[in-house]
Structure formats: structure tokens, C-alpha cells
Amino acid sequence: MKILKCDILYPFNYLEAKQLESKQYIASMHLEQYMDWLHSLRMGFYNLFSRELGSIGDDVFELFYQDNIQFNKIVKAYNLKFTFFTLFTPKGFKWWRDITIADLKSAILNNGSRIELKKRIQLRIFIDQFSPDIIFLREPCQIDNNFWLPYKGKIKIITMIGCNISHPINWCLHNSDLIYTITREYNDFFKLNGVKSHLIEYGFDPTLCDELEMGVKKYDVTFVGLLGTTDQLKKTQFLEFISTHCDFKWWGPKGEL
């Protein structure tokens, strides 16, 4: 089964810093080498899903839409270059049929909008070439959720969403055929609205145990991640309770940092 997995790399400023450090090295890489380099940074869920799905025979392509370096390497590897003239051919028409007059006007007036429009069309051409059976969106994947509407009913669209649906762009539950969520209230809501949904837990990658050198325990409990925001209330209250009973250390963002 062929799966196009759209994901996010975070924190993005860390990625940019690493790309700058390895600028010349990255320039010489082909797409597969660059993907190995990206995964070595251990950002987000790196290759966890593609590795596990690949182990049962699926062909998974990982797209990080926010990373222009990866996208440019995809364009080169799959020869996604086009002229705007080809958009007016019968084959090219379907690549921009959902683009609005406002999109075209913005592209004419603004170079940034023009670049984004071209990238959007190139992504459509790539999807035609790759011809996936499943589009797997681990939100927020930085792609307008309405982008996937032309594929509904033709390709299975599966979404994985965590504890906040305010980050994805124009997100609509009915754009998905199946949703995985870690939030019980979301799971109930999706089912009540007629969308198949499964409640899951984020797990732990067991291969890390083989890669890390085991040392002496320094603290009773350590938590790495986000705390203190309104959508992390229960987790924050729980770990505040833990901190009053154990030697607790927290590594994570504070305020805007």
C-alpha cells in the first residue's frame, strides 16, 4: 500500500539552524540522503511512522511541506517543473481547478503568493505521480485542509490529531475518512458527527533504548514537553501534584521561548 504522510518538523527554528550549519553538505545531497539527515535530527516523530509502516510492507513517502529544501529536492527528483502554459491543457487544468480568483490575483501582485501557488500546483503533480492509496495527515502538517477535498472519495484520507485543532489551516473533520486522536472529548465529538475515530495513546520508540547509553538515575521523574497552557490543563495539574511528592524536573518551553 502506498502512503503519502504529511507531517511537521518542530521546533522550526532549530531545523533552520541545523540547515545553516550544514548548508554545503546538504546542497550535495540527493533526496534520500537528505531524508536520512532530517530523521537524524529526531524532530517531531522523525521516521517512527514510516519505519513501522514500512516493516509491514507499506511504501511510505514523508512530506514536510514547511521545509522548502526538502520540497525543492522532491521537485528535482520527480521532475515537477512546469510552465504556466501547461495549466491550460486538459491534463493541467485539474492541477489548479480549486484555485480561486483571489488566489490568482494575489499571485499576480505578490511574489510570495506566486511561489506558494506554484508549490501547491507542484504538490498536486507529485500526488498524481506518486498515486497514493492513503493520505496520512499528522496535523498540523502546514497544508490547507481544503487542499485535500478533490481527493475525497478517491484516496483514503486519515488524520492524526493531538490535543489542539486550532493549529491546522481550515481544518474540517468531514474532510477525513478516519481520525486518530489522543483526546477523549474529540473522539466522542467526531463519532457523534459521523466520522470514524479511534482514541490512541502516544507511545515510546523502543529503539531509543538501544541507542542511548544507560547511566545512573539522576531524578525520580523527568518530563519533556509543553505545560502551562489552557489545553494542557489536566497534564499540568497532574505534574504539579507529582512535583510535590518527587524529585521532579521539567524540560520544555516557558512562555514564548
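The values are calculated or read from the model by the stated rules, or taken from the named source; none is laboratory data. Given the structure is predicted, the values throughout are model-derived calculations rather than measurements. For neighbour counting, all protein chains shown are included, and Cβ atoms are generated from backbone atoms with ideal geometry for every residue, glycine included. For accessibility, only protein heavy atoms count, side chains too; no ligands or nucleic acids. Shrake-Rupley method; radii C 1.70, N 1.55, O 1.52, S 1.80 Å.
For the structure I just gave you, tell me whether Glu201 is at pLDDT below 85 and open to solvent by 70 Å² or more (accessible area, probe 1.4 Å).
It is false that Glu201 is at pLDDT below 85 and open to solvent by 70 Å² or more (accessible area, probe 1.4 Å).
Scan the range 12-46 for residues that are among the basic types (Lys, Arg) and within 17 Å of the chain's Cα centre (by Cα) and the total you get is 1. Among the residues making up the range 151-192, those that are exposed (fewer than 15 other Cβ atoms within 10 Å of the Cβ) and within 30 Å of Ile99 (Cα to Cα) are Lys152, Gly153, Lys154, Ser166, His167, Ile169, Asn170, Cys172, His174.
When you scan the range 52-60, do you find a residue that is in contact with a helix residue (DSSP H, G or I) (Cβ under 7 Å, 6 or more places away or on another chain) and either of a type outside the set (S, T, N, Q) or crowded, with 17+ Cβ neighbours inside 10 Å (or both), even just one?
yes
Could you tell me whether the range 62-82 includes any residue that is closer than 18 Å to Gln142 by Cα, β-branched (Val, Ile, Thr), at pLDDT 90 or above and open to solvent by 50 Å² or more (accessible area, probe 1.4 Å)? Within the range 62-82, one or more residues are closer than 18 Å to Gln142 by Cα, β-branched (Val, Ile, Thr), at pLDDT 90 or above and open to solvent by 50 Å² or more (accessible area, probe 1.4 Å).
Screening Asn170 with (1) at positive phi; (2) in a helix (DSSP H, G or I) gives one miss only, at (2). For the range 58-70, the set of residues classified as out of contact with any Leu (no Cβ under 8 Å at 6 or more places or on another chain) and more than 10 Å from Cys6 (Cβ to Cβ) consists of Asp58, Asp59, Asn68, Ile69, listed by residue number. Screening Leu208, Leu199, Leu212 for residues that are aliphatic (A, V, I, L, M) and either in contact with a helix residue (DSSP H, G or I) (Cβ under 8 Å, 6 or more places away or on another chain) or in contact (Cβ under 8 Å) with a residue 60 or more places away in the chain (or both) leaves exactly one candidate, Leu199.
Residues being among the small types (Gly, Ala, Ser), touching a strand residue (DSSP E or B) at 6+ places or on another chain (Cβ under 9 Å) and buried (at least 16 other Cβ atoms within 10 Å of the Cβ) are entirely absent from the range 83-96. Being of a type in the set (A, V, I, L, M, F, W, C), under 24 Å from Ser166 (Cβ atoms) and open to solvent by 60 Å² or more (accessible area, probe 1.4 Å) is the filter here, so list the residues in the range 228-247 that pass it. Within the range 228-247, Leu233, Phe238 qualify.
Out of Phe238, Phe223, report the one residue that is within 25 Å of Leu9 (Cβ to Cβ) and at pLDDT below 95. Show your work before the answer.
Values: Phe238 fails: within 25 Å of Leu9 (Cβ to Cβ).
Residue meeting the stated conditions: Phe223.
Between Asp188, Asp205, Asp231, the distinction of being farther than 28 Å from Met43 by Cβ and under 25 Å from the mean Cα position of the chain (by Cα) belongs to Asp188 only. Tallying residues that are open to solvent by 60 Å² or more (accessible area, probe 1.4 Å) and either at pLDDT below 80 or within 17 Å of Asn145 (Cβ to Cβ) (or both) within the range 105-119 yields 7.
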